[in-house]
Amino acid sequence: MLMTDQLTVLDPTLATDNVPVVPLPLSISVLQENLLAALVSLRPAVGDGKYTPILANVFIDATEDKITFWSTDLQTYIRVRVAGKVWQAGKATLNYKALTDLIKSCPPERIDIKDRIAHKNAVVSCGERNQNKIATLPAADFPYWVNESLPSCAADGALFGQAVVKIATNAAKSSVTGRIILTTINLRLNGNTLYLTAGDGNRIAARNINVAGGANNIVETNIAAKDLKAVASKLTGTILLSIHDKGLAISTAHSDIFVRAIDGKYPNISEYLDNAPTTTVQLAAPVLLGAVKRANVFARDVKEYATTLAVDDQRECENGPFSLSAASLETGDSFEQLNAVVTGKNVTAKINARAAIDLLTGIGKHDVLIQFGANGKTVLFRPADDISAAYILATIRDEETRPAPVETNNASG
């Protein structure tokens, strides 16, 4: 049974003005390997310090019984607990890059950090004859969490991280279209199932994982895909997730992470996932991937990079009724029949070849199920051995791929 009170999950509310920092001369000792591991974990949330210099610093908070290191870029917050000896409780901030580069060069021995408030620097030593002074900024200026919130559910960290990594590449890379919500991963908790969705307008990736102690009411949040991927890719063990409109908090045995939410309403994809397929095709994903790549050669000068998937049981061919083709006015055309298990009606659909290549690469070496829905607007791809995952591609209308007609002027001069 998971004991949620064994680990504190912090709410992201900032209250640095209400919590004064007492200027005590911090003095701690930690092992080099433990400190380096903590600094690596903090990296995804370190700011560049261009406009707010203190965001390029790591915040150290030492109390009588624990040492914690913090980093934030005001979008993501990370707190890591580090084992060590506290000689003097206190708080200090040191430049992250300078400290990390120094610790990497130190031997695997004890590291001593002593803050010198009056001199605005801290002495970092790795050995009795080594002393390095790193400039500090006032600890009171560093933004950090206060207040506490209850976790929404518990999950397997590795499974959660894998799900995030798998679908993150399907989110839009920028908000140039004006729909910043498409740069996020939508997390929706319904009972004991956590649904993750990412899409860029042409494709959608969806996965779900089982969790413990889920919410009675549906809760959801939208987190920037690049930020969530950065902090979730190396998660292991049991994690606690707190999901709310402010963002997502993740707690592990040794760290706490918070990523702020992106405001907006995420598109509803249930109509595509629940759309009963009229035709299903099953074949090896690497075989289909190779065929799409070959077809893409002949679709490059077409605006939408269109390639056509077709099921035609009237076609006389030894490899069955499933085929893939592409055509271009300048390059030529391609047609390929593929061995596949086909059930259902004849169907034809044009899809974006580049998007198909990306999603098939993510599926890997397993068989893939291609499901054609009755609405004709989407094609659904699923790993045959993992029904918790789904990839949806929007179909392309014929008029979107036809070359523009050449206008002629017949008027006599």
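The values are calculated or read from the model by the stated rules, or taken from the named source; none is laboratory data. Remember, predicted model here, so these are calculated numbers, not experimental data. As a convention, Cβ positions derive from the backbone with ideal geometry for all residues, glycine included, and neighbour counts pool all protein chains shown.
Please find, among 340, 353, 349, the residue that is modelled with pLDDT under 90, crowded, with 20+ Cβ neighbours inside 10 Å and hydrophobic (A, V, I, L, M, F, W, C). Steps first, please.
On the way: 340 fails: modelled with pLDDT under 90; 349 fails: modelled with pLDDT under 90.
Just one listed residue meets the conditions, 353.
Please specify each residue of the stretch 61-101 satisfying the condition of being under 10 Å from residue 142 (Cα atoms) and of a type in the set (Val, Ile, Thr).
Once the filter is applied, which keeps residues that are under 10 Å from residue 142 (Cα atoms) and of a type in the set (Val, Ile, Thr), the stretch 61-101 yields 72, 93.
Do we have residue 246 as charged (D, E, K, R) and in contact with a Phe, Trp or Tyr (Cβ under 9 Å, 6 or more places away or on another chain) here? Break it down into steps so the answer makes sense when it comes.
Details: charged (D, E, K, R): yes; in contact with a Phe, Trp or Tyr (Cβ under 9 Å, 6 or more places away or on another chain): yes.
Considered against the rule, which asks whether it is charged (D, E, K, R) and in contact with a Phe, Trp or Tyr (Cβ under 9 Å, 6 or more places away or on another chain), residue 246 comes out as yes.
Taking residue 250 as meeting all but one of (1) surrounded by fewer than 21 Cβ atoms within 10 Å (Cβ to Cβ); (2) touching a helix residue (DSSP H, G or I) at 6+ places or on another chain (Cβ under 9 Å); (3) free of Cβ contacts under 8 Å to residues at least 40 places away in the same chain, write down the number of the exception.
Exception for residue 250: condition (1).
Surrounded by fewer than 16 Cβ atoms within 10 Å (Cβ to Cβ) and aliphatic (A, V, I, L, M): is that true of residue 218 in this structure? Quick ask: steps written out before the conclusion?
Values: surrounded by fewer than 16 Cβ atoms within 10 Å (Cβ to Cβ): yes; aliphatic (A, V, I, L, M): yes.
Taking the combined requirement at face value, the residue satisfies it.
Can you tell which of 93, 72, 136, 76 is over 30 Å from residue 233 (Cα atoms), of a type in the set (S, T, N, Q) and surrounded by 20 or more Cβ atoms within 10 Å (Cβ to Cβ)? Steps first, answer last, please.
Details: 93 fails: over 30 Å from residue 233 (Cα atoms); 72 fails: over 30 Å from residue 233 (Cα atoms); 76 fails: over 30 Å from residue 233 (Cα atoms).
Matching residue, one of 93, 72, 136, 76: 136.
Could you list, in sequence order, all residues of the stretch 104-131 that are crowded, with 16+ Cβ neighbours inside 10 Å, in contact (Cβ under 8 Å) with a residue 24 or more places away in the chain and not acidic (Asp, Glu)?
Within the stretch 104-131, 106, 110, 111, 113, 114, 117, 122, 124, 126 qualify.
Just give me the residues in the stretch 107-139 being under 20 Å from residue 86 (Cβ atoms) and of a type in the set (A, V, I, L, M, F, W, C), in sequence order.
Hits for the stretch 107-139 are 111, 113, 117, 122, 123, 124, 126, 134, 139.
Among the residues of the stretch 60-103, which ones are free of Cβ contacts under 8 Å to residues at least 24 places away in the same chain and closer than 16 Å to residue 145 by Cβ? Before the answer, list the steps.
Filtering the stretch 60-103 down to residues free of Cβ contacts under 8 Å to residues at least 24 places away in the same chain leaves 65-66, 68, 101.
Listed by number, the residues that qualify are 66, 68.
If I filter the stretch 149-168 down to residues being touching a helix residue (DSSP H, G or I) at 6+ places or on another chain (Cβ under 7 Å) and surrounded by 17 or more Cβ atoms within 10 Å (Cβ to Cβ), which single residue comes out as farthest from residue 186 (Cα to Cα)? Steps first, please.
Step one: list which residues in the stretch 149-168 are touching a helix residue (DSSP H, G or I) at 6+ places or on another chain (Cβ under 7 Å), which gives 151, 160-161, 164-166, 168.
Then keep just the ones that are surrounded by 17 or more Cβ atoms within 10 Å (Cβ to Cβ); that gives 151, 160-161, 164, 166, 168.
Values: 151: 18, 160: 13, 161: 14, 164: 10, 166: 14, 168: 10 Å.
So the residue we want is 151.
Out of (1) touching a residue at least 60 places away in the same chain (Cβ under 8 Å); (2) farther than 27 Å from residue 100 by Cβ; (3) of a type in the set (Lys, Arg), the odd one out for residue 229 is which?
Answer for residue 229: the failing condition is (2).
Quick check, is residue 107 assigned to a loop (DSSP other than H, G, I, E, B) and under 21 Å from residue 36 (Cα atoms)? Before you say what the answer is, go through the steps one by one.
Values: assigned to a loop (DSSP other than H, G, I, E, B): yes; under 21 Å from residue 36 (Cα atoms): yes.
Here the answer is yes, as residue 107 does meet what is asked.
State yes or no: is residue 117 modelled with pLDDT of 95 or more and over 15 Å from residue 68 (Cβ atoms)?
no
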